[in-house]
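Notes follow once the structure below has been shown.
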Amino acid sequence: MRLKRFLLRYYPPGIILEYERGGYSRTKSIDLLDLTPETNTDQLVSEIRQSEPLITESRAEQVKELVLRLQQKQGQQDHHRFCFCKELKAHILPLTNIAFDKSGSRFITGSYDRTCRVWDTASGAELHTLEGHRNVVYAIAFNNPYGDKIATGSFDKTCKLWCAETGKCFHTFCGHRAEIVCLAFNPQSTLVATGSMDATAKLWDVESGEEVATLTGHTVDVLSLCFNTVGNHLVTGSFDYTVAIWDVASKRRIHTLIGHMGEISNVQFNWDCSLIASGSTDKTCKLWDAVSGKCVATLVGHTKEVLDVCFDLSGQLIATASADGSAKIFNAATHQCLVTLKGHGGEISKICFSPQGSRVLTASSDKTARLWDVQTGACLQILEGHTDEIFSCAFNYEGDTIITGSKDNTCRIWY
């Protein structure tokens, strides 16, 4: 094995090693999820050297430089105040979803008008209209971190794979017997997973366009799915009150996670693949051990359905959004509720952390999105201007741009 170069990853903090083995170029990552500006760099570099044979003594100083750069980035205070930049009359019918590419230079919108559109974030210019679906385009995603492909899942029961640069359709994945409502690329961008109201999830080969597997076991709609960051496991959440963990290589179900008393609204892995969070209409979020499948905590406090859940990038915090108009932030290790975010005048359907993890963004039926301080729970900013419910919101990679998508058929860019 020969180390070729280092790549720095700011969010979450880590160092990517690009190396050569057997004539092939490969990568592996050193995750530094517990890094803080106060971490002793010499001690950390020593620990990295002991656990990673590719880091020789001659490379130690280089690694220290990278760690210092990560700490410097962490030490920057996040006082950015967002200003409204552009409103895009994105579609003739309501939007369903929005998603950034990895860099945040482009984003996509799905709509009831049966199209997906690709936009330039800086100019607000429409780059491509992806046409071909015969019904609502509901689930959309870039193949991040690459960003050269887009997948669209539709109520026409198909998923299409597109070239992000040209807008050309590579493949149409046919096989589901009902609407596709969720999808995801694996981290390697070799597979697309789709979840459908036919109670199944399917895996598709990105290169050939062939179906790789049908994952059966749920009894009704598969509403949410997520690959872990390694790409060896997939988690699915269903209307049947259960969550399932699947082994991607063998296509087998490893665990069925039973305990919720209502439909599953969202499922997520944390970054280090050790935990799964599931939100449910039973007003709770549950935390599961991803290896054993055991429930390690039930996070309570909401008085209505939990509509969305997410981890911060370090995996140390969990945010929940509810139909009761509030959001909560929990400590993933102690399961304690740290803050409750109150102020919205309607249900919160979407929640996400900034890449830095210091702020949370919420989207609500009260026609506003709000930005919150994770530590204090204070509302830092109200993003106003939409004339109907906001159902989707997202940060770009640097955390300095936001997009919001609304039932008023527009999306707004905030800098």
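Filtering S250, S265 for residues that are assigned by the TED database to the domain that holds V181, surrounded by 20 or more Cβ atoms within 10 Å (Cβ to Cβ) and not acidic (D, E) leaves a single hit, S265.
Number of residues in segment 283-333 that are touching a Phe, Trp or Tyr at 6+ places or on another chain (Cβ under 8 Å) and of a type in the set (D, E, K, R): the value is 2. Go through the residues of segment 314-323 one by one and say whether even a single one is of a type in the set (S, T, Y), in contact (Cβ under 8 Å) with a residue 60 or more places away in the chain and in the same structural domain as I403 (by the TED database). Yes, because at least one residue in segment 314-323 is of a type in the set (S, T, Y), in contact (Cβ under 8 Å) with a residue 60 or more places away in the chain and in the same structural domain as I403 (by the TED database). Considering every residue within segment 102-121, establish whether at least one is on the phi > 0 side of the Ramachandran plot and either buried (at least 20 other Cβ atoms within 10 Å of the Cβ) or assigned by the TED database to the domain that holds T166 (or both). Checking segment 102-121: at least one residue is on the phi > 0 side of the Ramachandran plot and either buried (at least 20 other Cβ atoms within 10 Å of the Cβ) or assigned by the TED database to the domain that holds T166 (or both). Look at E18 and say whether it is over 30 Å from I413 (Cβ atoms), of a type in the set (D, E, K, R) and assigned to a helix (DSSP H, G or I). When the stated conditions are applied, E18 does not pass them. Residues that are more than 20 Å from R253 (Cα to Cα) and in the same structural domain as S278 (by the TED database): does segment 211-232 have at least one? No.
Considering only segment 300-317, I want to know if a residue exists there that is farther than 23 Å from Q356 by Cα, of a type in the set (G, A, S) and open to solvent by less than 20 Å² (accessible area, probe 1.4 Å). Checked against the condition, which is being farther than 23 Å from Q356 by Cα, of a type in the set (G, A, S) and open to solvent by less than 20 Å² (accessible area, probe 1.4 Å), segment 300-317 yields no hits at all. On the stretch given as segment 188-204, residues that are farther than 12 Å from N143 by Cα and among the β-branched types (V, I, T) total 2. The residue that is least open to solvent (accessible area, probe 1.4 Å), counting only those in segment 56-66 that are among the hydrophobic types (A, V, I, L, M, F, W, C) and touching a residue at least 40 places away in the same chain (Cβ under 8 Å), is V63.
Taken over segment 327-366, the residue count meeting the criterion of being of a type in the set (D, E) and either open to solvent by 50 Å² or more (accessible area, probe 1.4 Å) or not in a loop (DSSP other than H, G, I, E, B) (or both) is 1.
The values are calculated or read from the model by the stated rules, or taken from the named source; none is laboratory data. Treat the numbers as computed from the prediction; the structure is a model and nothing was measured. Cβ: placed from backbone, ideal geometry, glycine included. Neighbour counts: every protein chain shown. Heavy atoms of the whole protein, side chains included, go into the accessibility calculation; ligands, DNA and RNA do not. Shrake-Rupley method; radii C 1.70, N 1.55, O 1.52, S 1.80 Å.
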